[in-house]
Amino acid sequence: MAKEGAQRAEETEQMIEKEGGKEAAEGSAAGSLRAGDTKEMRAVVLCAFGGLNKLRVSKKAMPEPQEGELKIRVKACGLNFIDLMVRQGNIDNPPKTPLVPGFECSGIVEALGDSVKGFEIGDRVMAFVNYNAWAEVVCTPVEFVYKIPDDMSFSEAAAFPMNFVTAYMMLFEVANLREGMSVLVHSAGGGVGQAVAQLCSTIPNVTVFGTASSFKHEAIKDSVTHLLDRNADYVQEVKRISTDGVDIVLDCLCGENTGKGLSLLKPLGTYILYGSSNMVTGETKSFFSFAKSWWQVEKVNPIKLYEENKVIAGFSLLNLLFKQNRSGLIKVVMDKLLNLYNSKKIKPVVDSLWALEEVKEAMQRIHDRGNIGKLILDVEKAPTPLVS
């Protein structure tokens, strides 16, 4: 096994050199990567939509900040379930490949574009990025960048923006969480699930029902009020504990869970769909799996919503940021979240750290629902050799 690990490390280096040389040659032909005038960096590249074999670490031209942008030397990157869907091309209007995945990172400010104010070279920051986060260097507009608290590590910072902003927006901006309410959250052991549980604990007398795989129960049992097996009949269990159901349902699964969630809502309750992980059933996109999950979604009758006094909503943080220009609202939310962090009321849960070259294994761990908290790509980490 040790020999196998050495072989894998050697193959990785050869792959980097090969891909870097190929891209350098292509860029030179286009006049963009002439020797001596462009620096290079390592990045995870998705060469085409599909399985894990479509990902590789390559050398690419290092970006430089445009007006209003910051250049960040990346230390850590967040890995989210949406990244699996991007890899499969299982999203609306996917960008063209090849592309560098990733939507959040942390690092150190290395350069400032024109008209950038409020930041200095050397600042420790975390940022949202519209793709391209899984690289040694990224450039992103200043409105998507936030300073890291002194006692927050780079890995924690990379685990913070997507999960906590998503959880906060759904609970407080969409569902108006208040004292004494009840919440059902799926995938309670994941990054968003753990963020939801922590934020609910900041409000008095909030009851949290969480579904998770049974092998995670021991590790997360103290984070929610009632922990339920995701593969069991959680609807009956919730109704046994709370006859009237719950005030808020947060659904990242979709499929048949949509109808179940709506059936559990109390009058004036809010169901929020923020993901569709049930659509991802294999390593690659499957039309039949997608169609099966889609047809399991209960068709919503507006008259029934009216009669039952129920609210159904959707939430996409990436669309809110990059398509609907609500960065100002997100900045306000981030300020509130950082105050909660500084008050030691919330803290990101990091599952594990992975080298860029280990992105395939990290993605598989998310696909298998094996993580508790957030998986992080550590840019400075060397791949872990296989040992006996």
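The values are calculated or read from the model by the stated rules, or taken from the named source; none is laboratory data. Note that the structure is a prediction, hence the values are computed from the model and not measured. Cβ: placed from backbone, ideal geometry, glycine included. Neighbour counts: every protein chain shown. Please note that ligands, DNA and RNA were not included when accessible areas were found on the heavy atoms of the full protein model with its side chains. Shrake-Rupley method; radii C 1.70, N 1.55, O 1.52, S 1.80 Å.
The residues in the stretch 200-224 that are closer than 17 Å to MET181 by Cβ and buried (at least 16 other Cβ atoms within 10 Å of the Cβ) can be counted, and the count is 7. When the helices (runs of 4 or more DSSP H) confined to the stretch 307-388 are screened for residues that are open to solvent by less than 40 Å² (accessible area, probe 1.4 Å) and farther than 16 Å from LEU79 by Cβ, those reaching at least 2 such residues are found at 317-322, 327-342. Out of curiosity, is GLU104 charged (D, E, K, R), within 27 Å of LEU70 (Cα to Cα) and crowded, with 21+ Cβ neighbours inside 10 Å? So GLU104 fits the description; yes.
Looking only at residues of the stretch 128-150 that are of a type in the set (A, V, I, L, M), over 16 Å from the mean Cα position of the chain (by Cα) and within 19 Å of ASN319 (Cα to Cα), we find that the one that is most open to solvent (accessible area, probe 1.4 Å) is VAL142.
Look at the stretch 169-198 and say how many of its residues are surrounded by fewer than 24 Cβ atoms within 10 Å (Cβ to Cβ) and either more than 25 Å from SER214 (Cβ to Cβ) or not assigned by the TED database to the domain that holds ASP229 (or both). Explain how you work it out, then say what you get.
Within the stretch 169-198, the subset surrounded by fewer than 24 Cβ atoms within 10 Å (Cβ to Cβ) is 169, 172-181, 198.
Still in the list and also either more than 25 Å from SER214 (Cβ to Cβ) or not assigned by the TED database to the domain that holds ASP229 (or both): 169, 172-181.
Qualifying residue count, the stretch 169-198: 11.
Those residues that are assigned to a strand (DSSP E or B) and crowded, with 21+ Cβ neighbours inside 10 Å, I need them from the stretch 57-70; list them, please. Full working, then the answer.
Keep residues of the stretch 57-70 that are assigned to a strand (DSSP E or B), which gives 57-61, 69-70.
Residues satisfying the conditions are VAL57, SER58, LYS59, LYS60, GLU69, LEU70.
Count of the stretch 235-260 residues, restricted to those that are over 22 Å from VAL174 (Cβ atoms), part of a helix (DSSP H, G or I) and either touching a strand residue (DSSP E or B) at 6+ places or on another chain (Cβ under 7 Å) or in contact (Cβ under 8 Å) with a residue 12 or more places away in the chain (or both), is 4. Just one of (1) modelled with pLDDT of 95 or more; (2) farther than 28 Å from PRO383 by Cβ fails for ASP92. It is (1).
Going through the stretch 112-135 one residue at a time, which ones are touching an Asp or Glu at 6+ places or on another chain (Cβ under 9 Å) and either assigned to a loop (DSSP other than H, G, I, E, B) or basic (Lys, Arg) (or both)?
From the stretch 112-135, those touching an Asp or Glu at 6+ places or on another chain (Cβ under 9 Å) are 112-116, 121-122, 124, 126-129, 133-134; that's our starting set.
Listed by number, the residues that qualify are GLY113, ASP114, SER115, VAL116, ILE121, GLY122, ARG124, VAL129, ALA133, TRP134.
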